[in-house]
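Here is the structure we will look at, set down as structure tokens.
The values are calculated or read from the model by the stated rules, or taken from the named source; none is laboratory data. What you see is a predicted model, and the numbers here were worked out from it, not measured in a lab. Note: ideal-geometry Cβ built from the backbone for every residue, glycine included; neighbour counts use all protein chains shown. Remember, those area values only see protein heavy atoms, side chains included, never the ligands or the DNA or RNA. Shrake-Rupley method; radii C 1.70, N 1.55, O 1.52, S 1.80 Å.
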Amino acid sequence: PFILLYVMYFLTKDFMEHDAKESAFYDVVLAAASKEGLPSAHPSWKAMYWKGVPKRSPGLYAFLTILTGVFGIYWLWCLVKDPHNHFDSHAALEDTVLARLA
């Protein structure tokens, strides 16, 4: 069980960092495309499609899982749901970019 907590802790932490870095990358790419006059996605694509990965405290989630046991089910559900929503936003952004390039 502690190995599972360890994995869940770092998956939560790493995915939040991934989302922040990717968001910063898209901001730079979209700004550069706009500056060069290239068609790009609407600047507020993040607001339209994705609000970002919710800020979750992996330490608190681990503590609550150890304390209750049942909280781990919710945490695991979050570890499935958040990436799913994140990658759904990728599809929406890619569709927008393709439509503007066509």
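Okay, residues lined up against (1) closer than 13 Å to residue 16 by Cβ; (2) open to solvent by less than 40 Å² (accessible area, probe 1.4 Å); (3) modelled with pLDDT under 95; (4) among the hydroxyl-bearing types (Ser, Thr, Tyr):
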site	(1), (2), (3), (4)
36	no, no, yes, no
57	yes, no, yes, yes
64	no, no, no, no
69	no, no, yes, no
83	yes, yes, yes, no
90	no, yes, yes, no
94	no, no, yes, no
Listed by first then second residue, the pairs whose first member lies in segment 1-21 and is touching a residue at least 12 places away in the same chain (Cβ under 8 Å) and over 25 Å from residue 52 (Cβ atoms), whose partner is acidic (Asp, Glu) and open to solvent by less than 80 Å² (accessible area, probe 1.4 Å), with beta carbons under 7 Å and at least 6 positions apart or on separate chains, are none
The residue that is nearest to residue 63 (Cα to Cα), considering only those in segment 5-27 that are open to solvent by 100 Å² or more (accessible area, probe 1.4 Å) and not hydroxyl-bearing (Ser, Thr, Tyr), is 21
